[in-house]
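Only one structure is covered here, and it is reproduced in the block below.
The values are calculated or read from the model by the stated rules, or taken from the named source; none is laboratory data. Model, not experiment: these values are computed from the prediction. Neighbour counts are summed over all protein chains in view; Cβ atoms, including those assigned to glycine, are modelled from backbone coordinates with ideal geometry.
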Amino acid sequence: MELGLNTIKKALHQRYPFLMVDRVIEFEKGKRAIGIKNVSVNEPFFQGHFPERKIMPGVLISEVMAQTGAMLFYDEDKKENPTYYLGSIKTRFLQPVVPGDTLRVEVTPVKITKDAGIINAIASVNGKTVAKGEFTFKAIQ
Amino acid sequence: MPKINMQNLEKEIKSVISEIAEVEPEKITPEANFVEDLGMDSMMALEILASLEKKYKIKIPEENLMKLTNLKQTLELVKDLVNK
């Protein structure tokens, strides 16, 4: 199943300039999600990171992975989806992400409970892994 | 399956807890409360549970998360599941 921006905005509470998932191209609730983030030269963070060479900050790649991870919990039957906060992240960055790249983030659960979870994420650009990590979440009560 | 060595099991679990909660292994006494004495939160407990599942190839049902309050209980739980 594919999820468009309207559904993503129902699942995630982040908004401009912090909504980091443009589209979800595959979604199986609680099992697998693939999120897409198109990285444009106009992203506000490129102004300062860095003026002489534009590289997407690793923490923001983590944010793309975390937000795609939160999509795994999306439940269309729920009136309002909870906001999740991160407890811990373990990430490795392997390649720089630059303007023009399309980030593809695939997330799978390691362990999910009713209000928290641990997910695994692999971010790639053109089939090449650029970052991977493990994220622990909990819903804000 | 080889019989589990209890002393090793305790040592291994202690090292998992120590790494996730970032506390010295000496502080993890059998009765030390994860939240009150070791400063852990529910997400760390979940990480410990997931690590133990992976390490011992067991499935720990979600309702057991509440039982992970100290080393002694964690050890009991893993021992039960490993011997099943």
- prompt: Which residues, counting only those in the range A:26-57, are in contact (Cβ under 8 Å) with a residue 40 or more places away in the chain, of a type outside the set (D, E, K, R) and surrounded by fewer than 18 Cβ atoms within 10 Å (Cβ to Cβ)?
  reply: A:30, A:36, A:38, A:40, A:41, A:55
query: Right, residue B:53: without any contact (Cβ under 8 Å) to a residue 60 or more places away in the chain and within 15 Å of residue A:136 (Cβ to Cβ) or not?
result: yes
- prompt: Which one of A:46, A:27, A:18 is assigned to a loop (DSSP other than H, G, I, E, B), among the aromatic types (Phe, Trp, Tyr), at pLDDT 95 or above and over 10 Å from the mean Cα position of the chain (by Cα)?
  reply: A:18
- prompt: What are the residues in the range A:107-126 that are in a strand (DSSP E or B) and facing chain B (nearest Cβ under 7 Å), if any?
  reply: A:110, A:111, A:116, A:118
query: Out of curiosity, is residue A:55 over 30 Å from residue B:44 (Cα atoms), outside any strand (DSSP E or B) and modelled with pLDDT of 95 or more?
result: yes
field: Which listed residue, of A:69, A:87, is part of a strand (DSSP E or B) and either touching a His at 6+ places or on another chain (Cβ under 8 Å) or surrounded by 17 or more Cβ atoms within 10 Å (Cβ to Cβ) (or both)
entry: A:87
- request: Determine, yes or no, whether residue B:63 is within 14 Å of chain A (Cβ to nearest Cβ), in contact with a Lys or Arg (Cβ under 8 Å, 6 or more places away or on another chain), without any contact (Cβ under 8 Å) to a residue 40 or more places away in the chain and not aromatic (Phe, Trp, Tyr).
  value: no
query: With A:89, A:61 as the choices, which residue is within 14 Å of another protein chain (Cβ to nearest Cβ) and in contact with a strand residue (DSSP E or B) (Cβ under 8 Å, 6 or more places away or on another chain)?
result: A:89
statement: Checked the range B:16-32 for anything of a type outside the set (A, V, I, L, M, F, W, C) and either more than 24 Å from residue A:117 (Cβ to Cβ) or within 13 Å of another protein chain (Cβ to nearest Cβ) (or both); matches are B:19, B:22, B:24, B:25, B:26, B:27, B:29, B:30, B:31
